[in-house]
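The values are calculated or read from the model by the stated rules, or taken from the named source; none is laboratory data. These numbers were taken from a predicted model, which means no experiment stands behind them. Here Cβ is always computed from backbone atoms with ideal geometry, including for glycine, and neighbour counts include all displayed protein chains. The protein model used for the area step is the full one, side chains on, heavy atoms only, and it has no ligands, DNA or RNA in it. Shrake-Rupley method; radii C 1.70, N 1.55, O 1.52, S 1.80 Å.
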Amino acid sequence: MRSPFGRARRAVNDRLTAPRAIERVASLGPLPPAPTGIATYHRAVLDGLERIGFTERLPVDPVWPVRDADFATVPAYRLGIYHLGNNADFHLPIYRMVWQAPGLIVLHDLSLDDFVRGLMTSGDPLGFVAMREALEAREGMSLPEALANRPLRIPWIAAVARRARGIVVHAEFCRRYLEDLGCRTPVFVVPHPPVESAAAIAGAAPAGAGLRATLEARGARTLVVAPGDINEAKQLDALLAAVATLPGDVHVAVVGRSVETYDFGPVAQGSGLGARLHVETDVSDAAFLAWLAAADIVVDLRHPHRGEVSGSLARAMQVGRPTIVSATGTYLDSPDGTVVTVAPGETDPAELAAKIAELAGDTERRERMGATARAYMVDLAARETTAHGYAEAIESTMRIVDDPVGGNMRRWADALADIGVTETQLADGYGLSFARALESFTLPS
């Protein structure tokens, strides 16, 4: 039987003598006009890296859509950045690429439940790997916010988080969640970028004023706007029920992308709001911003919460509007003085109606909250906080990927995890001789 020390030496030598990777970074993820908020986010990140000069010293190549040929080219890059969400239509090839060329993943959702189930249904082995590791990691979880949200109770991201070499998330809650499931991959908390330009925000003001004038002519005095994907998690039934109990001059607008799996029509028709309800689906980005500018109050609820950071909330803050949110997960990391919360879980229409009424009756408070939110986003943009956060994450992850000892150690650990080796077996010494052999090497100077 050959010595594991000999295998370790050959593995490290192979890594040290391998051809040097392309001195560029590949960034895989949706880009406009793909109908997902991740597309505009990805574009904003790339633009920010360019503005701070990062791409001058290390070019970043956007890869979208991801094609079969990319599986041959992306591994040759110095590093791959992989944007992951819960939509297989957009993210399936990106997810698979993480296994072929591990790099820096960006988790836009902490729950990849639909995604993993889809992999399993199609017979993809990665789906069964993800399910096994999720069920194992679940046993040790104790984070209350995770246990209170059904999609987060099973850590569907456990396998891909283990496979990654670095992880970008957008809120401290996400870091806590990863730590709770036992993730040992470095985590970088990078705030959601201000995705809209100053010119777009300025242009929304007159358009919003036009919308308000039209609605005021129809009797509206207070406008509540619910922006973003029109789905069940937004608690729109509770919102319409809340508005129905308020005076007739309170109107509500539901503005965003329609979702095939959710039929909002019966909810709208059953609300009894009539002309007080305005539904605008699949609008342009400019129209979306105009409705936010027209709003007195924005409502952005989530139940169940999937650990995502709301792009709609970020835009509402850029426009400078006070927002009512659910007191759960990433929403609890919102800047002080920018949001009002309702209890987590299924929204109580009476509680929500009371919060809307409080804000509607206090113009000074609304303006103060809006100004605080707008100032926070202006400061993020001025300091290029997101771009610098990404630069740090990229450089730190490249150091990990470039480490020949660490790289071989991680491949060995991945192999042990892939065949189902448990913590108990590791404690008994299973597979440790090779790891100890690797520890005898030091990085070249």
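Yes/no matrix, rows are residues, columns are (1) in a loop (DSSP other than H, G, I, E, B); (2) at pLDDT below 95:
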| site | (1), (2) |
| --- | --- |
| Arg7 | no, yes |
| Val12 | no, yes |
| Pro33 | yes, yes |
| Leu49 | no, no |
| Ile81 | no, no |
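When segment 96-119 is filtered for residues that are open to solvent by 10 Å² or more (accessible area, probe 1.4 Å), assigned to a helix (DSSP H, G or I) and within 22 Å of Asp68 (Cβ to Cβ), the ones remaining, listed by number, are Arg96, Trp99, Gln100, Gly118.
Scanning segment 14-31 for residues that are at pLDDT 95 or above and among the aliphatic types (A, V, I, L, M) yields a total of 4.
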